[in-house]
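Reviewing the structure listed below.
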Amino acid sequence: SNLFAVQSLRQLSKLYEQLKGDNEFAAICANFAQEVEDAIQQFGIVEHPVHGRIYAYEVDGFGNALFMDDANVPSLLSLPYLGFVDADNPTYKRTRALLLDEESNPWYRLRRSIACSLAVRVCAGFAL
């Protein structure tokens, strides 16, 4: 959500500058967006033991990181869609590889198990 906030603040900055002519507030938004992005670059990109330097879903300020993703936008997988990174960005590509890896990401495997389980129930006439 911090990555989404960066993009939203940049969009807000452009709106206030171009449509409202409020350059002061536009600068506040742009500066805050840059401050958040700098913090993400410094603290939100962490070393994963298998996939290398990736975007963490969450960090706690004590050196711990959570490696997962949200099922909705904003999410790590949606970073190119949101305009935060290009799809060929190396950090994004490593993050994507982790998130779609059944061995490294137990939630990805669980999602597939749940989908298969629901499909069997629906096919058997036990629709939820």
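Tabulated results
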read-out: V85 being β-branched (V, I, T) and under 16 Å from the mean Cα position of the chain (by Cα); value: yes
read-out: Residues within the stretch 59-70 that are exposed (fewer than 12 other Cβ atoms within 10 Å of the Cβ) and small (G, A, S), tallied; value: 2
read-out: Filter pass, S104 being of a type outside the set (D, E), without any contact (Cβ under 8 Å) to a residue 40 or more places away in the chain and open to solvent by less than 90 Å² (accessible area, probe 1.4 Å); value: no
read-out: Of residues in the stretch 1-58 being in contact with a strand residue (DSSP E or B) (Cβ under 8 Å, 6 or more places away or on another chain) and exposed (fewer than 14 other Cβ atoms within 10 Å of the Cβ), the one farthest from L79 (Cα to Cα); value: E47
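The values are calculated or read from the model by the stated rules, or taken from the named source; none is laboratory data. Computed from a predicted structure; not experimentally measured. Positions of Cβ are generated from backbone atoms using ideal geometry, with glycine treated the same way; all protein chains shown enter the neighbour counts. These accessible areas exclude ligands, DNA and RNA; they are computed on the full protein's heavy atoms, side chains included. Shrake-Rupley method; radii C 1.70, N 1.55, O 1.52, S 1.80 Å.
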